[in-house]
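Novice: Have a look at the structure that comes next, please.
Readers should treat all values here as calculations from the given coordinates under stated rules, not as data from a laboratory. If you're wondering where the values come from, they're calculated on a predicted model, not measured in any experiment. Positions of Cβ are generated from backbone atoms using ideal geometry, with glycine treated the same way; all protein chains shown enter the neighbour counts.
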Amino acid sequence: AIERTFSIIKPDATRRNLTGAINAKIEGAGLRIVGQKRVKWAKADAEAFYAVHKERPFFNDLVAFMISGPVVVQVLEGENAVARYREVMGATNPANAAAGTIRKEFAESIEANSVHGSDSPENAKIEIAQVFKPDEIVG
Ligand code: CMP
């Protein structure tokens, strides 16, 4: 079915001017960018977004990283968009990511891994609603 997923192009990627290269991979995979904005998150934004990881040992570093520069937040639409984008991103740890994936080609480390994508359709809805107003998404 046609569905939507939430994506973040992370600070390691915006810093290296990789937004276009990442968007080319997204669009090349048949996903449509139906919402997109470049923003600088405050600490509270990053903490709220990653609240599910609050108890993890990497949480504080992750929050610091996510506010270290601009991010590009996106809504992607397409056939099985959640699973499709996870294929395009590759494994969380770039060392384990398959050839041709965004993280294999661009990620610097398991933390500075260039992109985030929702892990389920349910979480995609929650994440999109956290970051986008309805009229900022144009399908
Ligand atoms: P993301 O898909 O955005 O979800 C949580 C993020 O935490 C992850 O990508 C990485 O940027 C970061 N992270 C840092 N260390 C780890 C780890 N050991 N396991 C999973 N995620 C990690």
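Novice: Which entries in the list K37/K133; K10/K43; K104/K125; K10/K104 go over 23 Å, if you measure between the two C-alpha atoms of each?
Specialist: Values: K37/K133 11 Å; K10/K43 14 Å; K104/K125 27 Å; K10/K104 15 Å.
Result: K104/K125 exceed 23 Å.
Novice: Let me ask something else about it. Given 0.36 nm per residue, what is the gain on full extension from A83 to I2 after removing their alpha carbon distance, in nm? Each step should come with its number before you reach the end.
Specialist: On the way: separation 81, 0.36 × 81 = 29.16 nm, distance 1.15 nm.
In short, 28.0 nm is gained.
Novice: Show me, for region 61-70, the HN-Hα J-couplings you get by feeding each phi into the Karplus relation (A = 6.51, B = -1.76, C = 1.60, θ = phi - 60°), rounded to Hz, glycine and proline as x.
Specialist: 5, 4, 4, 4, 5, 5, 10, 7, x, x
Novice: Taking square-rooted eigenvalues a ≥ b ≥ c of the alpha carbon gyration tensor, is the chain rounded, prolate or oblate, where a/c under 1.5 means rounded and, failing that, a/b exceeding b/c means prolate? Write down the numbers at each step before the final one.
Specialist: Values: a/c = 1.42, a/b = 1.11, b/c = 1.27.
It comes out rounded by the Cα gyration axes.
Novice: As an exercise, identify the GluC sites (Glu not before Pro) in region 1-64 lying in DSSP coil whose Cβ has no more than 13 other Cβ atoms within 10 Å. Can you show the working numbers first?
Specialist: Details: sites: E3, E27, E47, E55; in loops: E55.
Loop-located and lightly packed - E55.
Novice: Calculate, in whole percent, how much of the Cα-Cα pair population of region 69-139 lies beyond 14 Å. Intermediate results must be reported in sequence, preceding the final value.
Specialist: Working: 1547 of 2485 pairs.
The calculated P(r) of region 69-139 puts 62 percent of pairs beyond 14 Å.
Novice: Compute the distance in nm between two label points, each set 7 Å from the Cα along the Cα-to-Cβ direction, one at K125 and one at A95.
Specialist: Distance between the two pseudo-spin positions: 3.8 nm.
Novice: Enumerate the calculated ³J(HN,Hα) couplings along region 81-86 in order (Karplus 6.51 cos²θ - 1.76 cosθ + 1.60, θ = phi - 60°), each rounded to whole Hz, writing x wherever the residue is Gly or Pro.
Specialist: In residue order, the calculated couplings are 4, 4, 5, 4, 5, 5 Hz.
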